[in-house]
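Below: one structure, written as structure tokens.
The values are calculated or read from the model by the stated rules, or taken from the named source; none is laboratory data. This one's a predicted model, so the numbers in the text were calculated from it and none came from an experiment. As a convention, Cβ positions derive from the backbone with ideal geometry for all residues, glycine included, and neighbour counts pool all protein chains shown.
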């Protein structure tokens, strides 16, 4: 039996670093001088020049130009999935608590696991399911005591849950595309429709698109380069070497990092329950990783065509 490739060995650490980089994004949204939709637009748009440069340096000959036209629809779909994820999450924050919005958006691993089983034919083990359950419980404890209630909050909660569905669609689509394209090319060509859709949302919301100070631009560039190009780029790279279902569980590290950064930078309290929840998330990730390494024991959904793609 062949051992894991060099790239495969680095996939899990890359996924962890990417998830940690994403933990900066809610802090940046809080610090931004712009509204949430305009901030989301700049998060993607300001990353595109960097992604273009990286894609030119790393893409193979078949990917140069408007990346493999045969997958253009998939790239547009992935971009629109992520644009809907960001837009709905930011609206959710305005209608419910940040904790509720974050909690419901972190239901994404459930939808990713279901989608990976249905469409990517990944096998799911009992140990993986146990790790997923532990990590989800940890995320719940992390948000304990900060829930919002009321009709307005319920609407925000539903939007947060919709966010999880769209992010799940994004990860499953990216996993499929990643089998044929480099991470940099995918980040670039999914980012174009993503930025366009978010620009429409920002203009429709009436938000200003121009920060007033150099500090405002610095926050946006940091969000674009650190969280989007860096964090999402590392996740896209790791997706080729890891199951989509396991990758989504690892992303539950994001609210743990966000909670620590909020405690350090914004003086938001971090109590014993939150610490226990963070520890449980980490334990769940490790158990899920063991489940991934031991093989997938739940048979995947049969495909219509017997031959592989």
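For residues in region 96-125 being at pLDDT 70 or above and under 22 Å from residue 260 (Cβ atoms), which is surrounded by the most Cβ atoms within 10 Å (Cβ to Cβ)?
Applying the filter and picking the extreme gives 109.
Taking region 209-244 only, how many residues are more than 18 Å from the chain's Cα centre (by Cα) and farther than 17 Å from residue 51 by Cβ?
Summing the residues that are more than 18 Å from the chain's Cα centre (by Cα) and farther than 17 Å from residue 51 by Cβ in region 209-244 gives 11.
Can you find a residue in region 31-51 that is modelled with pLDDT of 75 or more, over 18 Å from residue 230 (Cβ atoms) and surrounded by fewer than 18 Cβ atoms within 10 Å (Cβ to Cβ)?
Yes, because at least one residue in region 31-51 is modelled with pLDDT of 75 or more, over 18 Å from residue 230 (Cβ atoms) and surrounded by fewer than 18 Cβ atoms within 10 Å (Cβ to Cβ).
For residue 206, state whether it is within 14 Å of the chain's Cα centre (by Cα) and either without any contact (Cβ under 8 Å) to a residue 60 or more places away in the chain or closer than 13 Å to residue 15 by Cβ (or both).
no
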